[in-house]
Amino acid sequence: MSLSGLAAPQTHAFELRYPAAYDDSEGNCMRQGLAFALGYLRNPRRVGAIAPASKALAQAILHEVLRAEPTVLIEVGAGTGAITRALLPALSRVERFMVIERDPGFAQLLRKNFPDLEVLHHCATRLDALDIEARCPVTVVSSLPLLSMQREEAHGCIDAMVALIENRPGSRLIQYTYASPHLRPFKDIPIGWRWRRAASIWANLPPATVWTLEQASHPSHPSHTHNGFH
């Protein structure tokens, strides 16, 4: 697919405006918080955090997604849907929005809360099985706790995500971490690709850093970046 249709990087601010169907009531937030806590108790290594992503982190990820115009948007490790909900404004900019979640309880909750989205109860290692056009630009938003997962499991997920975007021009991987803001999510990346630190979010529990893995020639990559940092 030609890259000529890609929009120039967006530099103005975007506000989180949720559809009317979004339930932001105190009761719904409490239910999601309970679901997150139960998921953490089931497998803390796979959840990776002690609380769902904050609105500040969610907005930073939305801003980063909207820097380009992918044809397909894929969220991996959606959990209770804090990031999923924030990404809903991007629906008008993409042809498909797919949500991948391995935990059966979380997957069921996502289907209930987002009935119009394509929610798949899959592991991230199965991304190669997705029916996506070969040269279609894809943006992957990963909420996987790569730094706290077991090493072999993390490597399997990383390999699958990189393989999905590597040969699709204009594709990107957006990954946030809770580690040092100078520690990239992983080191083994394709030649010609770089990490860019997109945002540091201190108003999150714990504080988070948003990273983007993209081709050095990608329109959203700042020309003054050195070694994937800015």
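Points to keep in mind about this one:
- Scanning region 138-168 for residues that are touching a residue at least 40 places away in the same chain (Cβ under 8 Å) and of a type in the set (S, T, N, Q), we see that the one that is nearest to F97 (Cα to Cα) is T139.
- Tabulated pairs, region 169-185, first among the aliphatic types (A, V, I, L, M), second assigned to a loop (DSSP other than H, G, I, E, B), C-beta under 8 angstrom, 6+ apart or interchain: A179/L147; L183/L147
- Residue check, E101 in contact with a strand residue (DSSP E or B) (Cβ under 9 Å, 6 or more places away or on another chain) and surrounded by fewer than 15 Cβ atoms within 10 Å (Cβ to Cβ): no
- Subset of region 186-218 that is among the aromatic types (F, W, Y) and in a strand (DSSP E or B) - its residue that is most open to solvent (accessible area, probe 1.4 Å): W193
- Residues being touching a helix residue (DSSP H, G or I) at 6+ places or on another chain (Cβ under 7 Å) and in a helix (DSSP H, G or I) - total across region 144-185: 6
- Only a single criterion out of (1) open to solvent by 10 Å² or more (accessible area, probe 1.4 Å); (2) under 19 Å from P145 (Cα atoms); (3) at pLDDT 95 or above; (4) among the hydroxyl-bearing types (S, T, Y) is not satisfied by S54, namely (3).
- Of the residues making up region 71-84, just one is over 12 Å from the mean Cα position of the chain (by Cα) and surrounded by 24 or more Cβ atoms within 10 Å (Cβ to Cβ), namely T80.
- Taken together, the criteria exclude V65 from residues that are closer than 24 Å to A199 by Cα, at pLDDT 90 or above and in contact with an Asp or Glu (Cβ under 6 Å, 6 or more places away or on another chain).
- Contact map, region 121-137: first residue within 27 Å of M149 (Cα to Cα), second residue open to solvent by 70 Å² or more (accessible area, probe 1.4 Å) and in a loop (DSSP other than H, G, I, E, B), Cβ cut-off under 7 Å, separation 6 or more or different chains; pairs are H122/R102; C123/R102.
The values are calculated or read from the model by the stated rules, or taken from the named source; none is laboratory data. Computed from a predicted model, the values in this text were never measured in an experiment. Note that we place each Cβ from the backbone using ideal geometry, even for glycine, and neighbour counts take in every protein chain shown. Ligands, DNA and RNA are excluded from the accessible area calculation, which covers all protein heavy atoms including side chains. Shrake-Rupley method; radii C 1.70, N 1.55, O 1.52, S 1.80 Å.
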